Amino acid sequence: MITSNEKLELTILCNLIYNEEYIRKVLPFLKEDYFADFNERTIFLAIKYFVEKYNKPPTKESVLIDLEKERNINEEQYGTIRDIINGFKKSEVDLDWLKDTTEKFCKDKAIHNAILSGIHILDSKDKNKTPDSIPELLREALAVSFDTTIGHDYIADSEKRFDYYHKKEDKIQFDLDYFNRITKGGVPKKTLNICLAGVGVGKSLVMCHFASSFISQGKSVLYITLEMAEERIAERIDANLLNMSMDDIHDLPKKMYDNKINEMMKKVSGQLIIKEYPTASAHTGHFRALINELALKKSFKPDALFVDYLNICSSARFSGGNISSYFYIKAIAEELRGLAVECNMPIFSATQTTRTGFVSTDIGLEDTSESFGLPATADFMFAIISSEQLEALNQIRVKQLKNRYNDPTMNRSFILGIDRGKMKLYDVEQKAQLINTTEKDEVDEKEVYSKFTDFKI
């Protein structure tokens, strides 16, 4: 008796012969190992060979003739295959249903094969992959889908282009004027945003400030720390939102602390979850599992994810070892950006400068620690720079390194105020932009004022 799955596979093979629209749509997504039965797999390969060679569907006769020449098939096998093909008959079938059903068939087979591959990896039968690669195998299998588009027709799709130009992109705004200006009003979803700084300059401060700002807007934020304890990150968020130094918070009596928390909660409507992982122990597979667990247990779906910080993450694809830092860090960045796209949210992280960059008063992409592959993957990357002069004024300089949201030559660098005790960043008066301009970035005073006087969000 033929099972429903076997019937589906025969229906797929039959329509690969009789339905040209169907074959054009699904053949690129079908794989040989989706057909477990030898006879069906052989028929599929013969059809695929014919289409790739002649760019048109085969006939039953052409498939039989080609298979008759096949040396790897004995007479008995050929007889069975011939009976199967002769049983194919052209019939009316709903094309949309068939395409949807075939897509599910491909996804189910891909997941099944990924699980089998995972078992082989765990049993050490596959020496080329480590157990850390299993989540990526499953993710790729789950991502199997038919591409429903055939590309952008430049002339015919001009109206779609117009709508795209005038569509208001869903962004999360910053509470800093210059950051909103250089990003055209905030950070979009499905993006990877990186802060570059030397040790102790303020990477975590910047991350905590942005997280505080987002939850103040009513956004849900997931903050993953691989360096500091959860309580230490929460302490910094407290300092920012309560507008108190961390030292003063420690001196607060319980009642006063509770009162301040209650007052803050009236103004802050977003949610924040902070999760700590041991250094270099967690990768996007762990982050994805955490996001799914939070959705199930707390009905929590983050609008933004902060990973503090990228260089001490691990890769889901590589276990380290002999792999170069370029490919390893690039892999982590690619995995984070893939997670941003998958979860439809922006991801923020940070990275350290090289030793040269740490002592420099001007930082460039070449000062990215360990891998130039990181800025190649990021959508938005900026450096924070400190100096004795800036520290004396409670200021830092921000320099754009890469920007896919806007022209990075506009406002290439600018000054922000910094309150390290309260873990805050703030806008400064326009004259500060002139006072702290370096010779390298020197511009005419009138030009600076004219450029920023009309700035509004």
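The values are calculated or read from the model by the stated rules, or taken from the named source; none is laboratory data. Keep in mind it's a predicted model, so treat the numbers as computed, not measured. Here the Cβ is made from the backbone with ideal geometry for all residues, glycine too, and neighbour counts use every protein chain on show.
Mind telling me which of the residues 252, 226 ends up being in contact with a Cys (Cβ under 7 Å, 6 or more places away or on another chain) and over 19 Å from residue 174 (Cβ atoms)?
Numbers: 252 fails: in contact with a Cys (Cβ under 7 Å, 6 or more places away or on another chain).
Of the residues listed, the single one that is in contact with a Cys (Cβ under 7 Å, 6 or more places away or on another chain) and over 19 Å from residue 174 (Cβ atoms) is 226.
What tally of residues in segment 348-371 results from selecting those that are touching a Lys or Arg at 6+ places or on another chain (Cβ under 7 Å) and either at pLDDT 90 or above or among the hydroxyl-bearing types (Ser, Thr, Tyr) (or both)?
Of the residues in segment 348-371, 2 are touching a Lys or Arg at 6+ places or on another chain (Cβ under 7 Å) and either at pLDDT 90 or above or among the hydroxyl-bearing types (Ser, Thr, Tyr) (or both).
Results for (1) outside the structural domain of residue 104 (by TED's automatic domain parsing); (2) within 21 Å of residue 105 (Cβ to Cβ); (3) not charged (D, E, K, R), shown as yes or no for each residue.
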site	(1), (2), (3)
19	no, yes, yes
37	no, yes, no
60	no, no, no
66	no, no, no
70	no, no, no
82	no, no, no
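Checking residue 457 against (1) within 24 Å of residue 211 (Cα to Cα); (2) at pLDDT below 60; (3) crowded, with 16+ Cβ neighbours inside 10 Å, which test does it fail?
Evaluating residue 457 over (1) within 24 Å of residue 211 (Cα to Cα); (2) at pLDDT below 60; (3) crowded, with 16+ Cβ neighbours inside 10 Å leaves (3) as the failure.
Considering only segment 50-59, I want to know if a residue exists there that is in contact with an Asp or Glu (Cβ under 7 Å, 6 or more places away or on another chain) and part of a loop (DSSP other than H, G, I, E, B).
Looking for residues that are in contact with an Asp or Glu (Cβ under 7 Å, 6 or more places away or on another chain) and part of a loop (DSSP other than H, G, I, E, B), one finds at least one in segment 50-59, hence yes.
Taking interchain pairs and intrachain pairs at least six residues apart, which have beta carbon atoms under 9 angstrom, with the first residue in segment 236-248 and without any contact (Cβ under 8 Å) to a residue 60 or more places away in the chain and under 10 Å from residue 212 (Cβ atoms) and the second among the small types (Gly, Ala, Ser) and crowded, with 19+ Cβ neighbours inside 10 Å?
Filtered contacts from segment 236-248: 241/212.
Determine, yes or no, whether residue 410 is of a type in the set (A, V, I, L, M), modelled with pLDDT of 75 or more and out of contact with any strand residue (DSSP E or B) (no Cβ under 7 Å at 6 or more places or on another chain). Walk me through it before giving the result.
Working: of a type in the set (A, V, I, L, M): yes; modelled with pLDDT of 75 or more: yes; out of contact with any strand residue (DSSP E or B) (no Cβ under 7 Å at 6 or more places or on another chain): yes.
Judged against the criteria, residue 410 is a match.
Checking the conditions here, which among 81, 65 is assigned to a helix (DSSP H, G or I) and either under 39 Å from the mean Cα position of the chain (by Cα) or closer than 23 Å to residue 7 by Cβ (or both)?
Numbers: 65 fails: either under 39 Å from the mean Cα position of the chain (by Cα) or closer than 23 Å to residue 7 by Cβ (or both).
After ruling out the rest, the residue left standing is 81.
Could you look through segment 223-239, keep only residues that are part of a helix (DSSP H, G or I) and of a type outside the set (A, V, I, L, M, F, W, C), and pick out the one that is surrounded by the fewest Cβ atoms within 10 Å (Cβ to Cβ)? Step through it out loud before you land on a result.
First pass over segment 223-239, keeping only residues part of a helix (DSSP H, G or I): 230-239.
Cutting the leftovers down to of a type outside the set (A, V, I, L, M, F, W, C) gives us 230-232, 235-236, 238.
Working: 230: 14, 231: 11, 232: 15, 235: 17, 236: 23, 238: 23.
Of everything passing the filter in segment 223-239, 231 is surrounded by the fewest Cβ atoms within 10 Å (Cβ to Cβ).
Scan segment 237-276 for residues that are at pLDDT below 90 and closer than 30 Å to residue 137 by Cβ and report the count.
Number satisfying all stated conditions: 0.
For residue 250, are the conditions met, namely being within 21 Å of residue 379 (Cβ to Cβ) and either in the same structural domain as residue 427 (by TED's automatic domain parsing) or among the aliphatic types (A, V, I, L, M) (or both)?
No, not satisfied.
Exactly one of these conditions fails for residue 342: (1) in a helix (DSSP H, G or I); (2) modelled with pLDDT under 90; (3) more than 16 Å from residue 188 (Cα to Cα). Give me its number.
In the conditions (1) in a helix (DSSP H, G or I); (2) modelled with pLDDT under 90; (3) more than 16 Å from residue 188 (Cα to Cα), residue 342 misses (3) alone.
Could you please find all residues in segment 240-292 being closer than 30 Å to residue 314 by Cα and either assigned to a helix (DSSP H, G or I) or of a type in the set (D, E, K, R) (or both)? Steps first, answer last, please.
Narrowing segment 240-292 to residues closer than 30 Å to residue 314 by Cα: 240, 270-292.
Listed by number, the residues that qualify are 240, 275, 276, 284, 285, 286, 287, 288, 289, 290, 291, 292.
Does residue 172 count as surrounded by fewer than 20 Cβ atoms within 10 Å (Cβ to Cβ) and at negative phi? Walk me through how you get there before you give the answer.
Details: surrounded by fewer than 20 Cβ atoms within 10 Å (Cβ to Cβ): no; at negative phi: yes.
It is false that residue 172 is surrounded by fewer than 20 Cβ atoms within 10 Å (Cβ to Cβ) and at negative phi.
If we scan segment 380-391, do we find a residue that is part of a loop (DSSP other than H, G, I, E, B), closer than 18 Å to residue 207 by Cβ and either modelled with pLDDT under 90 or of a type in the set (Val, Ile, Thr) (or both)?
Taking segment 380-391 first, the residues part of a loop (DSSP other than H, G, I, E, B) are 386-387.
Narrowing further to those that are closer than 18 Å to residue 207 by Cβ: 386.
Retained after the next criterion (residues that are either modelled with pLDDT under 90 or of a type in the set (Val, Ile, Thr) (or both)): 386.
Taking every residue of segment 380-391 in turn, at least one turns out to be part of a loop (DSSP other than H, G, I, E, B), closer than 18 Å to residue 207 by Cβ and either modelled with pLDDT under 90 or of a type in the set (Val, Ile, Thr) (or both).
With the structure loaded, tell me whether residue 11 is hydroxyl-bearing (Ser, Thr, Tyr), touching a residue at least 60 places away in the same chain (Cβ under 8 Å) and either touching a helix residue (DSSP H, G or I) at 6+ places or on another chain (Cβ under 8 Å) or surrounded by 14 or more Cβ atoms within 10 Å (Cβ to Cβ) (or both) or whether it fails that test. First the steps, then the outcome.
Values: hydroxyl-bearing (Ser, Thr, Tyr): yes; touching a residue at least 60 places away in the same chain (Cβ under 8 Å): yes; either touching a helix residue (DSSP H, G or I) at 6+ places or on another chain (Cβ under 8 Å) or surrounded by 14 or more Cβ atoms within 10 Å (Cβ to Cβ) (or both): yes.
Yes: the conditions hold for residue 11.
For segment 47-58, which residues satisfy the criterion of being closer than 20 Å to residue 10 by Cβ and touching a Phe, Trp or Tyr at 6+ places or on another chain (Cβ under 9 Å)? Lay out the reasoning, then the answer.
In the first step, residues of segment 47-58 are kept if they are closer than 20 Å to residue 10 by Cβ; the result is 47-51, 57-58.
57, 58, listed by residue number.
Look through 146, 162, 210 and report the one residue that is aromatic (Phe, Trp, Tyr) and within 29 Å of residue 266 (Cα to Cα). So that I can check it myself, show each step before the final result.
On the way: 146 fails: within 29 Å of residue 266 (Cα to Cα); 162 fails: within 29 Å of residue 266 (Cα to Cα).
Exactly one of 146, 162, 210 is aromatic (Phe, Trp, Tyr) and within 29 Å of residue 266 (Cα to Cα), namely 210.
In this structure, is residue 188 within 19 Å of residue 403 (Cα to Cα) and touching a residue at least 24 places away in the same chain (Cβ under 8 Å)?
Numbers: within 19 Å of residue 403 (Cα to Cα): yes; touching a residue at least 24 places away in the same chain (Cβ under 8 Å): yes.
Spelling it out, residue 188 is indeed within 19 Å of residue 403 (Cα to Cα) and touching a residue at least 24 places away in the same chain (Cβ under 8 Å).
Quick check on my filter: what residues within segment 47-79 are in contact (Cβ under 8 Å) with a residue 24 or more places away in the chain and surrounded by 15 or more Cβ atoms within 10 Å (Cβ to Cβ)?
Result: 47, 51, 57, 58, 60, 63, 67, 73, 77.
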